[in-house]
1. Can you say whether Asn76 is touching a His at 6+ places or on another chain (Cβ under 7 Å) and in contact (Cβ under 8 Å) with a residue 40 or more places away in the chain, as far as the supplied structure shows?
2. Going by the structure shown, is Arg36 in contact (Cβ under 8 Å) with a residue 24 or more places away in the chain and surrounded by 13 or more Cβ atoms within 10 Å (Cβ to Cβ)?
3. Please specify each residue of the range 217-248 satisfying the condition of being farther than 16 Å from Val150 by Cβ, in contact with a helix residue (DSSP H, G or I) (Cβ under 9 Å, 6 or more places away or on another chain) and in a helix (DSSP H, G or I).
4. Can you pull out the residues in the range 101-129 that are in a strand (DSSP E or B) and of a type in the set (Phe, Trp, Tyr)?
5. Tell me, yes or no, whether the range 85-100 has at least one residue that is surrounded by 13 or more Cβ atoms within 10 Å (Cβ to Cβ) and part of a helix (DSSP H, G or I).
6. Applying the selection to the range 172-216, what residues are part of a loop (DSSP other than H, G, I, E, B) and more than 27 Å from Gly291 (Cα to Cα)?
7. Output the residues belonging to the range 283-305 that are crowded, with 17+ Cβ neighbours inside 10 Å, among the polar types (S, T, N, Q) and under 30 Å from Gly194 (Cβ atoms).
8. Pick out the one residue from Val139, Val150 that is surrounded by 13 or more Cβ atoms within 10 Å (Cβ to Cβ), outside any strand (DSSP E or B) and touching a strand residue (DSSP E or B) at 6+ places or on another chain (Cβ under 8 Å).
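Please treat every number below as a calculation from the coordinates, not as lab data. Please read all numbers here as calculations on a predicted model, not as lab measurements. Here the Cβ is made from the backbone with ideal geometry for all residues, glycine too, and neighbour counts use every protein chain on show.
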Amino acid sequence: MIVTFLRTALETFDNEKLRSFLLSHGVETVVENKGRVFPKSQKADSVLKALETYMGDGRVEIQTNTHILRLISENNHVHGVETNHGNIFGHNVLITTGGLSYPATGSTGDGYKLAASVGHSIYPTYPAIVAFETEETWVKSLQGTPIKNVNISTYQLNKKIAEHFGEALFTHYGISGPAILDMSKRLVECLPNGFIQIHIDFKPNHSTEELDSILLNRIKRQGGKAIKSCLTFFIPEKLAPILLGLCNIEPHKKASQITTQERRKILKQLKGLHLTLLRHRPIEEAIVTAGGVSLDEVDVKTMESKLMKGLYFAGEVLDIDGPTGGFNLHAAFSTG
């Protein structure tokens, strides 16, 4: 549904047109990992300044500290807004108020209320790209520690929900990072049904047997060292003593003294460290808000309301959301 709705907008203003637009306003862009496009300056404010200049050239007036109280309409035609500083009239009104994420930026859900006030259906909102809190408290000691090239599988009631390969990040409350964020919408939808189990495979390209052979070799070569030192080949240094603790193995125990049973415990953790997701972080911390104005009530070619003439929508206020990687930003640019 979302792809079909956005097709015309994306074809009209695709990624190359966006890059050309930015370049014409002094912002060079570069393509980085996985095709992601960033300003060459690596500074978001360079894009902001370009947009401000563009608005200035078009004589766009920006009014700050102004709250929209209601839409002004007559005969199914919106022709203005009532604000705390008086009425503003125009041929068209465009609602681009975002979702509910990061309210400090102004995204407080006002757009949903305005749309609903003139008859639009609003799908329930919830965080679509968001981090999670875990039952395990040991994650706090790993705050800021990334784990790369891991495979993360998620389960609920013994059924697999989602799986993703990539990078994750331990936080003081739980877990985040690209691999988690890309699955987060699905996980948020499932959480009302109960807790979710996460299994982290630190070496997905190796079978348990292959990993056992590698671990044995390192133990033989570093037998006089602490077992935690051997594990830094597989996992971050901070994580090694925690993983060993989960195996009931003393981190300072000499590698040469590790028994076959203990080695099997280590392998089990390396191929499937468990975490339990209790809840998602507040929607105010989410990168994107799912839900919003029903797409059935908006013209795909013009983004005009099908219910009220002169009323348009763009961006996150609509019931559109995508994965991480700039997709949501581009959807906002294209629909706007």
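1. Numbers: touching a His at 6+ places or on another chain (Cβ under 7 Å): no; in contact (Cβ under 8 Å) with a residue 40 or more places away in the chain: yes.
No, not satisfied.
2. Working: in contact (Cβ under 8 Å) with a residue 24 or more places away in the chain: yes; surrounded by 13 or more Cβ atoms within 10 Å (Cβ to Cβ): no.
For Arg36, the condition - in contact (Cβ under 8 Å) with a residue 24 or more places away in the chain and surrounded by 13 or more Cβ atoms within 10 Å (Cβ to Cβ) - is not met.
3. Once the filter is applied, which keeps residues that are farther than 16 Å from Val150 by Cβ, in contact with a helix residue (DSSP H, G or I) (Cβ under 9 Å, 6 or more places away or on another chain) and in a helix (DSSP H, G or I), the range 217-248 yields Arg218, Ile219, Lys220, Arg221, Ile227, Lys228, Ser229, Cys230, Pro241, Leu244, Gly245, Leu246.
4. Of the residues in the range 101-129, the ones in a strand (DSSP E or B) are 122-129.
Listed by number, the residues that qualify are Tyr123, Tyr126.
5. The answer is no, given that none of the residues of the range 85-100 is surrounded by 13 or more Cβ atoms within 10 Å (Cβ to Cβ) and part of a helix (DSSP H, G or I).
6. Taking the range 172-216 and keeping what is part of a loop (DSSP other than H, G, I, E, B), we get 172-173, 177, 194-195, 202-207.
His172, Phe202, Lys203, Pro204, Asn205, His206, Ser207, listed by residue number.
7. If the condition is that a residue be crowded, with 17+ Cβ neighbours inside 10 Å, among the polar types (S, T, N, Q) and under 30 Å from Gly194 (Cβ atoms), then Thr289 is the only one that fits.
8. Numbers: Val150 fails: outside any strand (DSSP E or B).
Result of the check over Val139, Val150: Val139.
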